[in-house]
Amino acid sequence: MKILVLQLARLGDIYLSHPALRALKRRYPQAEIHFLVRDRFKAAAQSLEVVDRLWIWDTKKFLAPFIYETPDKDEAALKEVSSFCESLRNEKFTNIINLSFSPLSSYLTHAIAGSQTQVMGYTRFEDGYLNLPDDTSAYFYAQVGVGRYNRLHLSDIFATTMGLEMEEADFVAPVKWLSESNKRRVFEKYNSNSFVNQDFLVVHIGSSTPRKTLEVYKWRQVVHRLVKEVAIPVVLVGGKEEEENAQQILVGLKTNERICSLVGRTELEEVFPILEKSRLVIGGDSVMVHMASLVQTPVLNLSFSSVRFWETGPTSPGSRVLYTESSKDLASDRVILEVLNCLDNVPSRYKEVYYRQMDILSPYKGEKASGEFQWSLIKAIYMGKMFPVVENALTFEGLKRLAEIVILAKELLQRMGSREQRAEAQKIFDLVDDLLFQVMELAPELYPLVSWFQTERVRIGPGSFETILEKTKKCFFNLEKVLSLYLDENELKGDSSGKNMFR
Amino acid sequence: MSHHEKGQELLESYLQGTLTRLEKSAQKIIQTSGYSSECEKMKILIEMIREQLKNENFSSSTRQVR
C-alpha cells in the first residue's frame, strides 16, 4: 500500500496534520506514506518519523520561467509542472489523501491519481469540475472556514477525511526533537539563561500576519506586567522578522532571571523542547499554538476574528482561548488576568474565554457562543442530531422562502424533462442560485442549510442530461424533507397564512 | 510608495497579465479539444499564479476560495 498525503496549506496546517498522519501509520503500519508539502514550509514536515518519503512542491521553480522571462515561458513552466506530476504519477499510489482543500491541490490530485487510485479530499472530475468524493470533503466545502459555523477542529477533520479516529498518543511532536539528546543540546545552548532550570512561561510575540496577534505596544504592556506579577521567568520566542518588535517590547526591562528573549535565535527543532518544558504558552493565532498542542503544553490563545479558533485553536488539556473581534478590543489587563487564571487553574469569569474539555471548546460561564443555532443545524444535517428550534422570525421567513424556491425548482425541473421547454426552463433555473443567496442574506441562520444543499448539487458531477436531472431533483427533494420539519403542509406548498410563525 | 511596494505592484500587474493569458489559453484548449491533461497542468499553473496575487490567502486549509 502506497499512500500520498498532500498538505499544501501553511506551516500550522502541516503541524495540524501530524496527528492524522500518525493515526494513518498506526492503522496501516505496512503502508509506505509519502507527504507532499510546500518548499517554504518543509521544516514542519521533516523528521516526522511516520513519513517514509517527503515530496516538495517548489512554487519558485515552477514559476521561474515567468519571473525570469525565459523564452517560451509558458511551455517551460508547463514542462516543469508536467515533469513533477509525472514523477508522482509514476509512484502509482494506491491512495491519495488531499488535506489541502484548495483549487490548486484539487487539480494536482487529479493529475497524479491513477485509474485505480482511491482519492479522498478535493479532486476533479474528468471534465475538470470540482469533485468532492467523500462526505468529509463535502462538509469542508460547505461549512469550514472564516465566516462559517463549523466547530470541529481541523486535526479531527483531517483524520475523518482519512476515515480514521485519532488517539491521545497521536498528539506528539516528532520523536527526534524530543529525544533526550536533542533536549540536552537545546538546554545546554541556552544554559546561560536562568529559565533553563525552572518553570517558565513562553510568550510568542509573532504570527504570519499582524491581525492574528497583539500590537507590539500591547505585548510590551503584557510582558512588563508578567515580569512584575508572575513568579516565574518569561521567555519570548519568535522568528527573525520579529526581532525588532522584541527589542521594542524589552525597552525598560533588563534581561535577567525574570525575562529572556529567544526571538530570532531558535531553530525550529529547538522550539519543541522549550515548549514542552514551559508551564504555559501565550500567543496569538500562530503556529506556536499547534506546536504546543503536540507537546501537551497548555496554551492561552489570544484569538481574533480573522481565524476560527474552533478549527485551529489549541488542543492540549488546560488550554484556553481568549477571543475578541480584533486585537484592538483586547486590553492587556484582560490578558494578564487570564494568564494568572491559567497558572492558578482558576475558571475565567468572562464569557469570551473558552476552555478545552475533552474534544470540545466550551465557553466559561455556560453562555452560548454566537453561531449556536447554525452549529446545531450543522450537527443535525451531518451528525443526525435534533434539528434546532427556530426562534427568529427572519429565519422562519427564510424557511418559507426556501419552500417557495423548491416549488419553483421542481416545476422547472419537470419542464426540463420536455425538450421543447428545456431551454427556457434552464434559463429560469439558473436564477435559483441567486434566490438561494438572497435567502442566506435574509436569514443568516440558514447559511449551513443552504450551503449543504448547494454542495450536494456540486457533488452531482458529470453525466447524461437525464442522470443529472434526476440527481438534481433528488437534491431538492432532500431539501424539502428538511423544510418539512419546520413548515406545515400549506407552508411547504407556498401558502403562508401566517398562523404558525414559530415552532 | 516605497521601492518595495512599487516593485510588488509591478510584479502583481505582470502576474495578472500572465494569469489572463494562461486562462485564455486554457479556455481555448477546452473549447477545441476538451479538458485534457495539458489543460489540467495549465490549470495548476493558473492556480499557482493566482495564489501569488495580493490578498489571496492561498494556503490556509480553511480558505473559502472555490
- Give or take rounding to whole Å, what are the principal axis extents of the alpha carbon atoms in region A:378-492, in descending order? 45, 26, 25
- Message: If I take the Cα coordinates of the protein assembly as shown and project them onto the principal axes, what are the three extents in Å, biggest first?
- Response: 85, 68, 56
- Item | A:Lys228-A:Leu485 pseudo-label distance in nm [points 7 Å out on the Cα-to-Cβ vector] | 5.4
- If you stretched the chain out fully between A:Arg349 and A:Glu391, how much longer would it get, using 0.36 nm times the residue separation minus the C-alpha to C-alpha distance? 12.3 nm
- Inter-site label distance for A:Thr467 and A:Arg279 at 7 Å from Cα along Cβ, in nm: 6.4
- Note on the structure: Each residue of A:11-19 has, on average, a number of other protein chain C-beta atoms within 10 Å of its C-beta equal to 1
- Item | Sparse-neighbour loop sites [GluC sites (Glu not before Pro); region A:41-109; at most 11 other C-beta within 10 Å; DSSP] | A:Glu49, A:Glu69
- Message: Taking the 0 to 90 degree range and rounding to the nearest ten, how far is the long axis of helix A:216-229 tilted relative to the main principal axis of chain A, both from C-alpha atoms?
- Response: 50
- Note on the structure: The orientation-averaged projected area of the Cα convex hull of region A:274-360, in nm², is 5.3
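How large is Rg/Rh for region A:175-370, to two decimals, with Cα atoms and a Kirkwood Rh?
Numbers: Rg = 15.7 Å, Rh = 16.7 Å.
Over the Cα atoms of region A:175-370, Rg/Rh equals 0.94.
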- Cβ-derived FRET efficiency at R0 35 Å, A:Glu165 paired with A:Ser370, nearest 0.05: 0.75
- Message: Just to check I understand the Karplus step: with θ = phi - 60° and J = 6.51 cos²θ - 1.76 cosθ + 1.60, what whole-Hz values come out for region A:264-274, glycine and proline as x?
- Response: x, 10, 9, 7, 4, 5, 8, 5, 4, x, 5
- Query: Calculated FRET efficiency, B:Lys24 and A:Val146, Cβ-Cβ r, R0 35 Å, to nearest 0.05?
  - Reply: 0.65
- Those lysines that a straight Cα-Cα span of less than 18 Å connects to A:Lys481, excepting residues fewer than 8 apart in one chain: A:Lys379, A:Lys385, A:Lys400, A:Lys410, A:Lys471, A:Lys473, A:Lys493
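Quick one: compute a quarter of the convex hull surface over the Cα atoms of region A:87-245 and quote it in nm².
On the way: hull surface 57.9 nm².
Taking a quarter of the hull surface, the average projection is 14.5 nm².
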- Between the Cα axis of helix A:465-483 and the main Cα principal axis of chain A, the angle (0 to 90°, nearest 10) is 70
- Item | Per-residue HN-Hα couplings for region A:231-241 [Karplus 6.51, -1.76, 1.60; θ = phi - 60°; Hz; x = Gly/Pro] | 7, 10, x, 10, 10, 8, 10, x, x, 4, 5
- Which distance in nm do the two modelled labels at A:Lys254 and A:Ile428 give, with both placed 7 Å along the Cα-to-Cβ direction? 8.4
- Query: Can you pull the three principal axis extents for the Cα set of region A:2-170, in Å, largest first?
  - Reply: 53, 35, 31
- List every residue whose amide H lies under 5 Å from the amide H of A:Ser261, counting only residues 5 or more places away in sequence or on a different chain, with H placed 1.01 Å from N in the peptide plane. A:Leu236
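Read-outs throughout are calculated quantities, based only on the coordinates presented, and are distinct from any laboratory measurement. All values derive from a computational prediction rather than experimental measurement. In this analysis, Cβ positions are derived from the backbone assuming ideal geometry, glycine residues included, and neighbour counts consider all displayed protein chains.
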